[in-house]
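Q: One structure is given below, represented as structure tokens, and several questions about it will come after.
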Amino acid sequence: MPDLVTHVALSHLVSRPFEWRHQKKTTVPMRILFYLGTILPDILTRPWYIIYPPTMEWTYPLHTPFGMLIICLMLMLFFKSDLRKKAFLALYSGSLFHFFLDGLQTHLTYTEHWLYPFSWRGFGLHIMWAEDILLLIPVWLFLIVVLEIIMRGRKRIHG
Amino acid sequence: MRWILILLLFITVCGLGYYNTRTSPWISVADCLEDPEAYDGKLVTRYREPLIGEIFADGFQLIQKNAPSIRVYADTTGLISGKFVGMRAVFHKQGYIEVRSLHVAKRRRYKIWISVLPVFLVGFLCLKTFRWNQKTHCVELRTNA
């Protein structure tokens, strides 16, 4: 997995421009749920694995698109009825974005199982090692600053 | 009805976990050491937080968390004791593994620690934006969000 700073920074960079034209009452809250969706596959699995590695066999399905579909459906039900659909879309699209980013990194022994539990076929582009992505954090932070300057400048001009 | 659905989805998640323990094709060092004859020549695909232990002229000792350590035969160029390692390696029934390809994850500890920050940030943003309504038992937007 890339580190979670990369996940959240890139999720901000892809979601923030959607506020270019107009901003509804739920736009910012749903963007925050999108961030949550992008870190959810890792925070549900990695801490347990790092503390006690044998848990991986049990928690691994939560790091797959199908497992996250179930989790996001479950989380959606905790929201107020008028927010549920949007909350689900934000959380699940965030999770899928997480798997897309994970698919870019190099593995030696296994790849991303995007079709689990229907297939063990591995996917992934094997572009970079996860540790090398860490070195790009300053780039993401710089791009966020540039994006925020542009977004706020536009808001000041157009009101 | 909502709580029944949540319960059913939770049971499904547990079922997926159980299904994974039964069907995953991964081969661990522990599997190999339990039945060396059956796993002779097989590719080991699952390691548990593998660390480089003592380095020898022709390899190193692989240390795992909550799993057995094992002697590894590999090119030792670039190896650093105490660092995390990723490997493609073949098990031999004599009780060692032979590396086909190897990657020393020098910055993995930094990656783990740096990943804690966004968890707190997103958690804070969620708490600032949403609240739990005790009457409806639902998450809703804070009025000032």
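Q: Pairs to check: A:LYS86/A:LYS155; A:LYS80/A:LYS155; B:LYS65/B:LYS128. Give those whose C-alpha atoms are more than 32 Å from each other in this structure.
A: Over 32 Å Cα-Cα: B:LYS65/B:LYS128.
Q: Got a sec? How would A:LEU33, A:LEU141, B:LEU125 order by Cβ neighbour count within 10 Å, fewest to most?
A: The fewest-first ordering by Cβ neighbours comes to A:LEU141, B:LEU125, A:LEU33.
Q: How much length is gained on full extension from A:SER119 to A:LYS80, taking 0.36 nm per residue of separation minus their Cα-Cα distance?
A: 10.5 nm
Q: Further, regarding this structure: Return the equivalent ellipsoid semi-axes of the stretch A:4-158 as a descending list in whole Å, where each equals the square root of 5 times an eigenvalue of the C-alpha gyration tensor.
A: 29, 21, 12
Q: Related question: For chain B, take the longest principal axis of its alpha carbons; what is the angle in degrees between that and the long axis of helix B:116-129, to the nearest 10 within 0 to 90?
A: That works out to roughly 10 degrees.
Q: Would you mind ranking B:LYS93, B:LYS135, A:LYS25, A:LYS86 so that the residue whose beta carbon has the fewest other beta carbons within 10 Å leads the list?
A: With the fewest neighbours first, B:LYS93, B:LYS135, A:LYS25, A:LYS86 line up as B:LYS135, A:LYS25, B:LYS93, A:LYS86.
Q: Which order do the peptides A:60-70, B:60-70, B:100-110 come out in when sorted by mean C-beta neighbours inside 10 angstrom, highest first?
A: Final packing ranking: A:60-70, B:60-70, B:100-110.
Q: How big is the Cα convex hull of the stretch B:25-107 in projection, averaged over all directions, in nm²?
A: So the Cα hull casts an average projection of 5.1 nm².
Q: Once you charge only the Cβ atoms, +1 for Lys and Arg and -1 for Asp and Glu, what is the size of the charge dipole of the protein assembly as shown about its Cα centre, to the nearest 20 debye?
A: 1920
Q: State to the nearest 20 debye the size of the charge dipole of chain B about its Cα centre, where the only charges are +1 on K and R beta carbons and -1 on D and E beta carbons.
A: That gives chain B a dipole magnitude of about 1000 debye.
Q: Further question: Restricting to the protein assembly as shown, what percent of DSSP beta bridges are antiparallel, rounded to 5?
A: 80
Q: Expressed as an acute angle from 0 to 90° and rounded to the nearest 10, what is the orientation of the C-alpha long axis of helix B:2-23 relative to the principal long axis of chain B?
A: 0
Q: May I ask which residue of B:ALA67, B:PHE91, B:GLY15 lies farthest towards the positive end of the charge dipole of chain B, with charges of +1 (Lys, Arg) and -1 (Asp, Glu) on Cβ and the Cα centre as origin?
A: B:GLY15
Q: Also, quick follow-up: Please work out the ratio of the alpha-carbon Rg of the protein assembly as shown to 2.2 N^0.38 Å and round it to two decimals.
A: 1.13
Q: Two decimals is fine: what is log10 I(q)/I(0) at q = 0.09, 0.19, 0.21 Å⁻¹ for chain B, from a Debye sum with one equal scatterer on every Cα and no solvent?
A: -0.50, -1.11, -1.23
Q: Work out the mean other chain Cβ neighbour count within 10 Å for the residues of A:24-34 and drop it here as an integer.
A: 3
Q: So what's the back-of-envelope 222 nm ellipticity for chain B, counting only DSSP H runs of four-plus at -39500 (n - 2.57) apiece and dividing by all residues, rounded to 500?
A: -11000 deg cm²/dmol
Q: For A:GLU112, enumerate residues with amide H under 5 Å from its amide H, sequence gap 5+ or separate chain, H modeled in the peptide plane.
A: Placed amide hydrogens put A:PHE123 under 5 Å from A:GLU112.
Q: Which distance in nm do the two modelled labels at A:TYR52 and A:PHE100 give, with both placed 7 Å along the Cα-to-Cβ direction?
A: Taking the two extended label points, one gets 3.6 nm.
Q: Moving on to the next point. Using the number of other C-beta atoms within 10 angstrom as an exposure proxy, rank B:CYS126, B:CYS14, B:CYS32 with the fewest first.
A: Listed from fewest to most nearby Cβ atoms, that is B:CYS14, B:CYS126, B:CYS32.
Read-outs: derived from the displayed coordinates by stated rules, not from any lab. What you are looking at is a predicted structure, and each value in this text was computed from that prediction instead of being measured. Using ideal geometry, Cβ is built from the backbone for each residue, glycine included, and neighbour counts are taken over all protein chains shown.
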